[in-house]
Amino acid sequence: MGFLVPISMFVCMAAVLILRPLTRQLGKFLEVLTKERTQAAFAPQAQHHQDTDAARTLLLLEHVVKRLEVMEERVDFTERLVASNQRATPQLSIHNMPDIGLREESLHSALR
């Protein structure tokens, strides 16, 4: 019976040396398989989250575009109003003023 201990030790060491690379590859395969399954489980949630963010971004962008259009309309209205106001009111100057009996020198000194 004394010869069984060295034989069993030899068989165990041979099994470890032979099976170690196989068990490593099996472990890596199982790890990749587990990661793929967890990603597949969370993928619909991640896709839904991305869709929600994209929809929110589109809504905000549409809102900003509408506000920009309103601002452009207001600026156009203001420019037209100022232009029409400038055409309607004559520009006042010393030469356009009617003669009310004042000399030009007194007008110039009053304006300074």
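The values are calculated or read from the model by the stated rules, or taken from the named source; none is laboratory data. From a predicted model like this one, the values you see are computed outputs, not experimental measurements. Here the Cβ positions follow ideal geometry from the backbone for every residue, glycine too, while neighbour counts run over all protein chains shown. The area values use the complete protein model at the heavy-atom level, side chains included, leaving out ligands, DNA and RNA. Shrake-Rupley method; radii C 1.70, N 1.55, O 1.52, S 1.80 Å.
Observations, loosely collected:
- Computed over neighbours whose Cβ is under 13 Å from that of Leu60, the net charge equals +1, Lys and Arg +1, Asp and Glu -1.
- Rounded FRET efficiency, nearest 0.05, which uses the C-beta distance separating Arg20 from Ala41 and R0 of 41 Å: 0.80
- Solvent exposure of the range 1-90 amounts to 96 Å² per residue of accessible area, where only protein heavy atoms count and the probe is 1.4 Å.
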